[in-house]
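Please read the structure below before turning to the comments.
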Amino acid sequence: MIRAGIIGATGYAGAEIVRILLAHKEVELVWYGSRSYVDQKFSSIYGNMFKIVENICKADDIEALAEEADVIFTATPQGLCASIVNEDVLSKTKVIDLSADFRLKDVKVYEQWYKIEHKAPQYIDEAVYGLCEINREDVKKARIVANPGCYTTCSILSMYPLVKEGLVDVNSIIVDAKSGTSGAGRSAKTANLFCEVNENIKAYGVASHRHTPEIEEQLTYAAGEPVMINFTPHLVPMNRGILVTAYAALKDPEITYEKVRAAYEKYYGNEYFIRLLDKDVCAETRWVEGSNFVDIGFKIDPRTHRIIVMGALDNLVKGAAGQAVQNMNLMFGFDENEGLRMPPVFP
């Protein structure tokens with residue numbers, strides 16, 4: 001049994017970590033950190049936890065938390081984790097950061113896209129990018145993990161086998177992605193009000209979304225050569241879910257479905273949380289909601305010699321909290337699936 005604490009427990013991702021850890025047989029949750037709700041009962045903020053969680057929210061005091069917890073989840077805005085993590089903390093506990101503070105290996109790229117100064121560049125090289133299916137062995141040895149973003153997790157996992165096996169022209173990749181509104185967080189924003197979102201779909205961050213360099217960096221590692229993509233996210237009126245539709249030109253116009261399928265089976269055939277869909281089945285967000293699964297399907301267009309890959313995940317689970325718990329399981333030698341076997345919720 002280990003002890004876990006959360007900084008940012010009252011945001012959507014933080015609350016999802018709470019939900020998952022309550023069903024984890026190896027973890028005791030000892031700290032519900034929240035700047036906005038200090039000294040309030042967690043269940044007064046999230047009524048679904050009434051009579052389940054009796055704890056009071058505490059301040060975001062990482063120094064005090066490091067004395068109590070074996071692992072700290074930081075489900076906070078960009079810049080906060082980097083501003084509070086230090087060697088004393090890391091000597092006592094492990095940190096899983098759900099922000100982008102340690103995802104990018106070039107501090108200049110981080111500062112360019114996020115428009116803030118990085119406060120702890122000394123930990124960038126050490127931090128492991130926590131995409132479990134790709135970096136599993138490194139995650140096991142890490143003391144600080146950069147938990148990938150939701151768009152990035154779905155985009156990278158959807159395209160990884162194609163890029164890794166050299167089946168596509170890496171300069172032709174286009175990623176079109178849709179997200180539910182919970183991906184924008186719980187803080188009040190006019191653009192996320194019901195009347196602004198309902199009965200509407202819109203692109204945003206066009207040619208400028210800050211997840212772009214994260215996707216490019218990880219696909220560059222896979223390809224062994226620089227990868228530059230077009231990435232366009234869209235906001236859709238649903239609570240949860242990411243749907244990625246990615247396009248790329250095949251290097252060999254004669255490539256078959258069977259060869260592409262073999263590439264996906266090579267990397268994901270034994271992965272519990274990646275479900276490779278049957279031929280001609282398209283991924284849908286409703287079939288992964290509330291779960292840690294990623295559904296991936298693809299179709300080859302013989303007319304254009306391009307491949308269309310479709311991936312779906314729950315942005316709050318595999319795209320955030322579930323992946324964080326999956327990383328924790330690896331870091332502490334638990335069954336990787338522990339606490340995460342919940343099937344998708346429907347309807």
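The values are calculated or read from the model by the stated rules, or taken from the named source; none is laboratory data. Keep in mind that what you see is a predicted model, and the values were worked out from it rather than measured. Every residue, glycine among them, receives a Cβ derived from its backbone with ideal geometry; neighbour counts consider all protein chains shown.
Lys105 is checked against (1) crowded, with 19+ Cβ neighbours inside 10 Å; (2) not in a helix (DSSP H, G or I) and fails just one. What number does that condition carry?
(1)
Criterion first (part of a loop (DSSP other than H, G, I, E, B), outside the structural domain of Leu98 (by TED's automatic domain parsing) and buried (at least 16 other Cβ atoms within 10 Å of the Cβ)) does Asn292 satisfy it?
Considered against the rule, which asks whether it is part of a loop (DSSP other than H, G, I, E, B), outside the structural domain of Leu98 (by TED's automatic domain parsing) and buried (at least 16 other Cβ atoms within 10 Å of the Cβ), Asn292 comes out as yes.
Can you give me the ranges of the helices (runs of 4 or more DSSP H) entirely in the stretch 34-87 with at least 2 residues that are in contact with a helix residue (DSSP H, G or I) (Cβ under 8 Å, 6 or more places away or on another chain) and over 17 Å from Gly11 (Cβ atoms)?
Filter on the stretch 34-87 gives 62-68.
Identify the residue in the stretch 203-226 that is hydroxyl-bearing (Ser, Thr, Tyr) and touching a residue at least 24 places away in the same chain (Cβ under 8 Å) and, among all such residues, is surrounded by the most Cβ atoms within 10 Å (Cβ to Cβ).
Selected residue: Thr212.
Output the residues belonging to the stretch 244-276 that are among the charged types (D, E, K, R) and in contact with a Gly (Cβ under 8 Å, 6 or more places away or on another chain).
Correct list: Lys251 only.
Scanning the stretch 297-322 for residues that are of a type in the set (A, V, I, L, M, F, W, C) and in a strand (DSSP E or B), which turns out surrounded by the most Cβ atoms within 10 Å (Cβ to Cβ)?
Among residues in the stretch 297-322 that are of a type in the set (A, V, I, L, M, F, W, C) and in a strand (DSSP E or B), the one surrounded by the most Cβ atoms within 10 Å (Cβ to Cβ) is Leu313.
Among (1) without any contact (Cβ under 8 Å) to a residue 40 or more places away in the chain; (2) surrounded by 16 or more Cβ atoms within 10 Å (Cβ to Cβ), which single condition is Pro148 missing?
(1)
Which numbered condition in (1) within 25 Å of Gly180 (Cα to Cα); (2) without any contact (Cβ under 8 Å) to a residue 24 or more places away in the chain; (3) not in a loop (DSSP other than H, G, I, E, B) is the only one that Ala262 fails?
The one condition Ala262 does not meet is (1).
Go through the stretch 30-45 and give me each residue that's farther than 19 Å from Cys81 by Cβ and either buried (at least 17 other Cβ atoms within 10 Å of the Cβ) or touching a Phe, Trp or Tyr at 6+ places or on another chain (Cβ under 6 Å) (or both).
Those that are farther than 19 Å from Cys81 by Cβ and either buried (at least 17 other Cβ atoms within 10 Å of the Cβ) or touching a Phe, Trp or Tyr at 6+ places or on another chain (Cβ under 6 Å) (or both): Tyr37, Phe42, Ser43, Ile45.
For residues that are assigned to a loop (DSSP other than H, G, I, E, B) and in contact with a Leu (Cβ under 9 Å, 6 or more places away or on another chain), scanning just the stretch 323-347, find the one that is surrounded by the most Cβ atoms within 10 Å (Cβ to Cβ).
Within the stretch 323-347, the match that is surrounded by the most Cβ atoms within 10 Å (Cβ to Cβ) is Gly339.
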